[in-house]
Ligand SMILES: *Cc1c(COP(=O)(O)O)cnc(C)c1O
């Protein structure tokens, strides 16, 4: 059997390929040895991202997982805990790195669509467990929330969490892999989100379309320590201005256009909800990620993703009941139209 023609690859926003303009920016980048602190393009990217997020300093990282894990390591060491929701990327998709590298333990709560539940977080945290209970070093907030379906965390919730945790000396790490999407969807300045956390990670390699790269922002003191942990984990990179240049290009050209991805995800949700009510609330699709509860239409997540792939629309099964489709730089309106056509066809055939 020949592989079906792909009409839209919506597996993830990580799959984007650098545009010709981005490739040119990379080729022309000034470089130096960044482990010696001599790469001007990396320095430019770091100071730009620090400025956008309202933090003193920032550090370029090869991946978002490393940015998160170094960030967590600045808050917590062996035998301390971090708490977050049960679908958080740091818990589900970083392969136990907090435990494997830092000896950090975790507790989590179940959150509808990954929406930040401040009351539960405050109830669960143990600022000083003394010799009796594990002390909570840090609460992790993911904005937007990936497995939750691109959920934007309300700024007021983040602010309240920041206030209450600061008062008792508990840290906040913001996994802002897609903070750009939250910013574009709401108009909230990146620095307002940044002010709600001690450490913030952002990805350049998701919807922004860079081939590689994330950035961790924090105080100058924390970033000095982060530099040690990055090197310790094997993330000290040399003439990496070639990659930082892609990030700078993405910040110049690929942030505002995220609104197009959001609109495409939203109109797909609206069309699918019409043929299969209950699989998604289109009003809740705020950014570029569409998570469908296909069980409401009699499907399993993996079976639906398989059938969609046969119809040329690639997605990702997030669990037994759900399928995820993600919009990005390499998917346009025409591809979205075809994806909508194929997916509505699939959903209307089932159960008839
Ligand atoms: C993609 C992602 C990351 C980082 O993933 P890498 O593949 O390691 O770059 C971190 N957090 C969230 C929410 C993500 O979606």
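Values computed for the structure shown
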| item | result |
| --- | --- |
| Selection count, segment 199-221, where residues are surrounded by 22 or more Cβ atoms within 10 Å (Cβ to Cβ) and either outside the structural domain of residue 36 (by TED's automatic domain parsing) or closer than 15 Å to residue 58 by Cα (or both) | 12 |
| Subset of segment 132-146 [crowded, with 24+ Cβ neighbours inside 10 Å and either within 16 Å of the ligand (Cβ to nearest atom) or in a loop (DSSP other than H, G, I, E, B) (or both)] | 138, 139, 140, 141, 142, 143, 144, 145, 146 |
| All strands (runs of 3 or more DSSP E) inside segment 160-252 with 2 or more residues being under 26 Å from residue 30 (Cβ atoms) | 199-203, 214-218 |
| Condition check for residue 90: touching a strand residue (DSSP E or B) at 6+ places or on another chain (Cβ under 9 Å) and within 26 Å of residue 190 (Cβ to Cβ) | yes |
| Test result for residue 305, away from the ligand (no atom under 16 Å from the Cβ) and assigned to a loop (DSSP other than H, G, I, E, B) | no |
| Residue in segment 192-203 that is within 13 Å of the ligand (Cβ to nearest atom), modelled with pLDDT of 95 or more and out of contact with any strand residue (DSSP E or B) (no Cβ under 7 Å at 6 or more places or on another chain) present | no |
| Enumeration of residues in segment 78-107 that are in contact (Cβ under 8 Å) with a residue 40 or more places away in the chain, surrounded by fewer than 18 Cβ atoms within 10 Å (Cβ to Cβ) and away from the ligand (no atom under 16 Å from the Cβ) | 79 |
| One residue from 110, 118 being away from the ligand (no atom under 16 Å from the Cβ), modelled with pLDDT of 95 or more, surrounded by fewer than 14 Cβ atoms within 10 Å (Cβ to Cβ) and closer than 23 Å to residue 196 by Cβ | 110 |
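The values are calculated or read from the model by the stated rules, or taken from the named source; none is laboratory data. As the structure is a prediction and not an experimental result, all values here were calculated from the model. Cβ atoms come from the backbone with ideal geometry, glycine included; neighbour counts cover every protein chain shown.
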